[in-house]
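Presented below is the structure to which this report refers.
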Amino acid sequence: MNLVVVPGLLCDAELWAHQTRYLADIADCQVADVSRSDTVEDMATAVLANAPDRFALAGLSMGGYVCHAIMRRAPERVTKLALLDTSARADTPEQSKRRRLLISMSDVGKFRGVTDRLLPLLIAPHRLDDEALTTRVKEMAERIGADAFYRQQNAIMARPDSLAQMANYDLPTLIACGRDDALTPVDLHEEMAAATPGARLALVEECGHLSTMEQPQAMTALLRQWLLYD
C-alpha cells in the first residue's frame with residue numbers, strides 16, 4: 001500500500017517521523033514537499049507529480065488544504081483520505097490579517113520561525129514545558145525558512161472553501177484532531193465529518209494542533225486502523 005503524507009505550514013518530514021517509521025510495515029510512506037509552491041493548487045500538482053498512481057493520502061493543517069486540492073484535481077488516484085487538525089473553510093478576514101502581519105515581519109528580516117509566543121497555538125498547554133518537543137518544532141520551522149513561509153502563507157490565504165465538495169468524497173475518510181487544537185478547533189472537524197459520507201471522526205485527548213508529534217502513538221494507531229480496516 002502506498003501512503004503520501006503532506007506536512008503543514010513550517011513543517012517537514014519531522015512532523016510525520018513516528019508515522020513513517022511505525023507504519024512502514026504496512027505502507028510505503030512518502031512525505032510530500034510543499035515548500036516550493038505559492039498556491040495550494042500548485043502544491044497539489046507537485047504532490048501528484050511525485051506520487052504513485054494510486055495512494056492513500058493524509059494531510060495535517062495546511063497539508064489538509066492540499067489534500068482538498070488533490071481531491072478536486074485527481075480523486076480517482078486517492079484510495080483513502082485522512083484529514084488531521086485542518087479545516088475545509090477558506091481563511092476568515094481576521095486570519096488573513098494575522099498572516100499578512102507575520103509576512104510583513106519576515107519581509108523586514110524578523111522571521112524567527114516558531115517562537116515561544118506562537119507555541120501555544122501549536123501544542124497543548126501542558127506540553128509547553130516539554131523542551132524536546134518544542135525544540136523539534138522550532139528546528140523544523142527554521143529548516144523551512146522565511147522564503148517558504150512567505151509562499152505557504154500566501155497559498156493558505158488564497159485557498160478556496162472546500163466544505164461543499166466533501167459531499168463527493170466517496171472513499172474511506174478519517175477526520176481527526178487534538179481535543180485542545182487552538183488553530184483548527186474540534187467544531188471544524190465535526191462539520192467536515194458531517195459533510196462527508198461515511199467519514200469517521202476521532203479526537204485525541206491531551207493534544208493540540210501538531211497531533212502527529214504531540215501524541216504520536218495515538219495518531220499512528222488511528223492511521224494504522226484507517227489504512228488496514230476502514
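The values are calculated or read from the model by the stated rules, or taken from the named source; none is laboratory data. These numbers come from a predicted model, not from an experiment. Here Cβ is always computed from backbone atoms with ideal geometry, including for glycine, and neighbour counts include all displayed protein chains.
Out of the residues in the range 172-186 that are surrounded by fewer than 19 Cβ atoms within 10 Å (Cβ to Cβ), touching a residue at least 12 places away in the same chain (Cβ under 8 Å) and of a type outside the set (V, I, T), state the one that is nearest to A82 (Cα to Cα).
P172
Go through (1) in contact with a Lys or Arg (Cβ under 7 Å, 6 or more places away or on another chain); (2) buried (at least 20 other Cβ atoms within 10 Å of the Cβ); (3) in a helix (DSSP H, G or I) one by one and return the number of the condition A56 breaks.
(3)
Quick one: which of A155, A164, A176, A146 is within 26 Å of T220 (Cα to Cα) and among the aliphatic types (A, V, I, L, M)? Break it down into steps so the answer makes sense when it comes.
Details: A155 fails: within 26 Å of T220 (Cα to Cα); A164 fails: within 26 Å of T220 (Cα to Cα); A146 fails: within 26 Å of T220 (Cα to Cα).
Every option except A176 fails the conditions.
Would you please name the residue that is nearest to R21 (Cα to Cα), looking only at residues in the range 202-227 that are within 17 Å of the chain's Cα centre (by Cα), part of a loop (DSSP other than H, G, I, E, B) and not aliphatic (A, V, I, L, M)?
Q215
Are any residues in the range 117-129 within 17 Å of L60 (Cβ to Cβ) and either polar (S, T, N, Q) or surrounded by 15 or more Cβ atoms within 10 Å (Cβ to Cβ) (or both), and if so, which ones?
Of the range 117-129, the ones within 17 Å of L60 (Cβ to Cβ) are 118-119, 121-124, 127.
Those that are within 17 Å of L60 (Cβ to Cβ) and either polar (S, T, N, Q) or surrounded by 15 or more Cβ atoms within 10 Å (Cβ to Cβ) (or both): L118, L119, L122, I123, A124, R127.
Go through (1) surrounded by fewer than 17 Cβ atoms within 10 Å (Cβ to Cβ); (2) assigned to a strand (DSSP E or B); (3) aliphatic (A, V, I, L, M) one by one and return the number of the condition A90 breaks.
Unmet condition: (2).
Out of all the residues in the range 220-230, is one or more more than 18 Å from V6 (Cβ to Cβ), crowded, with 16+ Cβ neighbours inside 10 Å, acidic (D, E) and modelled with pLDDT under 95?
yes
Would you tally the residues in the range 187-216 being in contact with a Leu (Cβ under 9 Å, 6 or more places away or on another chain), without any contact (Cβ under 8 Å) to a residue 40 or more places away in the chain and under 19 Å from R127 (Cα atoms)?
Residues flagged as in contact with a Leu (Cβ under 9 Å, 6 or more places away or on another chain), without any contact (Cβ under 8 Å) to a residue 40 or more places away in the chain and under 19 Å from R127 (Cα atoms) within the range 187-216 amount to 1.
It is to be established whether one or more residues within the range 130-149 are surrounded by 20 or more Cβ atoms within 10 Å (Cβ to Cβ) and among the charged types (D, E, K, R).
no
Among the residues of the range 59-87, how many are closer than 17 Å to G8 by Cβ and either aliphatic (A, V, I, L, M) or assigned to a loop (DSSP other than H, G, I, E, B) (or both)? Steps first, answer last, please.
Here is the first cut: in the range 59-87, the ones closer than 17 Å to G8 by Cβ are 59-70, 81-87.
Adding the requirement that they be either aliphatic (A, V, I, L, M) or assigned to a loop (DSSP other than H, G, I, E, B) (or both) leaves 60-62, 66, 69-70, 81-87.
Going through the range 59-87 one residue at a time, the tally reaches 13.
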